[in-house]
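Working notes, beginning with the structure itself.
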Amino acid sequence: MQLTALSAASCTRFCPAAGSAGHHRLARGYIQLHQTWALLSGVRHLADHILQIDRPGDKPEAQPLRNVLSMLFLGLVVAALGAVMMTDATLRLARVNEGHRIPMTWGKFAVAPSKDVTQRRVGAQAVSAVGAWIVLDSMWDYRAATPSMVAGGMTLIAAVALPVIAVTSSHNRRLSTPSR
């Protein structure tokens, strides 16, 4: 059975809370999670195809490097998706706070962000963290852990902090500076 073909009613036999509104939201979230996983698997397959992972006649030592590169590619694609999501959420936040300065890193907003914007920001941070984890895991070497940790940290900073700083500085630059 394909997971994308599931409906909220088809999983009633697996869940004791079947029929409740919370159950239907949970089932939809579960289906979306599996659709996202299928998309990421497709991206990994595409990366494998681009890098020609399973070429006949390959030397055995070339296979691990290609696996590392395909996972690194997947991690960077996921992190880029997180950066796009973070840019969208920050633009929405800037739109709500039009005419007011918004804090660069932390502080109070003049107009509090809506629940939707907060959920989008948290979701973007989660997707970026997954991308950074994939990058870290693809490069992990127990003998020299520092390079993979630096690459994972840089991926996370690039996906979360850079879009926020760029949008916030652009938003605040458009405002007139207050007289002192």
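The values are calculated or read from the model by the stated rules, or taken from the named source; none is laboratory data. What you see is a predicted model; the values in this text were computed from it and never measured. Heads up, the Cβs are rebuilt from the backbone with ideal geometry, glycines too, and the neighbour counts pull from every protein chain shown. When the accessible area is computed, the model is the full protein with side chains, heavy atoms only, and any ligands, DNA or RNA have been set aside. Shrake-Rupley method; radii C 1.70, N 1.55, O 1.52, S 1.80 Å.
Miscellaneous remarks
- Pair list, Cβ under 8 Å, 6 or more apart: the stretch 78-107 residue touching a residue at least 60 places away in the same chain (Cβ under 8 Å) and more than 28 Å from Trp133 (Cβ to Cβ), other residue of a type in the set (Val, Ile, Thr) and open to solvent by less than 50 Å² (accessible area, probe 1.4 Å): Ala94/Ile102; Ala94/Val167; Ala94/Thr168; Ile102/Thr168
- Subset of the stretch 120-129 that is open to solvent by 70 Å² or more (accessible area, probe 1.4 Å) and touching a residue at least 12 places away in the same chain (Cβ under 8 Å) - its residue that is farthest from Ala80 (Cα to Cα): Arg120
- Selection over the stretch 86-107 of residues that are over 18 Å from Leu175 (Cβ atoms) and either charged (D, E, K, R) or open to solvent by 70 Å² or more (accessible area, probe 1.4 Å) (or both) gives a count of 2.
- Thr177 vs. criteria among the hydroxyl-bearing types (Ser, Thr, Tyr), assigned to a helix (DSSP H, G or I) and at pLDDT below 90: no
- Residues in the stretch 161-172 that are under 19 Å from Gly82 (Cα atoms) and open to solvent by less than 30 Å² (accessible area, probe 1.4 Å): Pro163, Val164, Val167, Thr168.
- Matching entry among Ala110, Ala144 (being open to solvent by 60 Å² or more (accessible area, probe 1.4 Å) and in a loop (DSSP other than H, G, I, E, B)): Ala110
- Number of the condition not met by Met139 [criteria: (1) hydrophobic (A, V, I, L, M, F, W, C); (2) in contact with a Ser or Thr (Cβ under 6 Å, 6 or more places away or on another chain); (3) open to solvent by less than 50 Å² (accessible area, probe 1.4 Å)]: (3)
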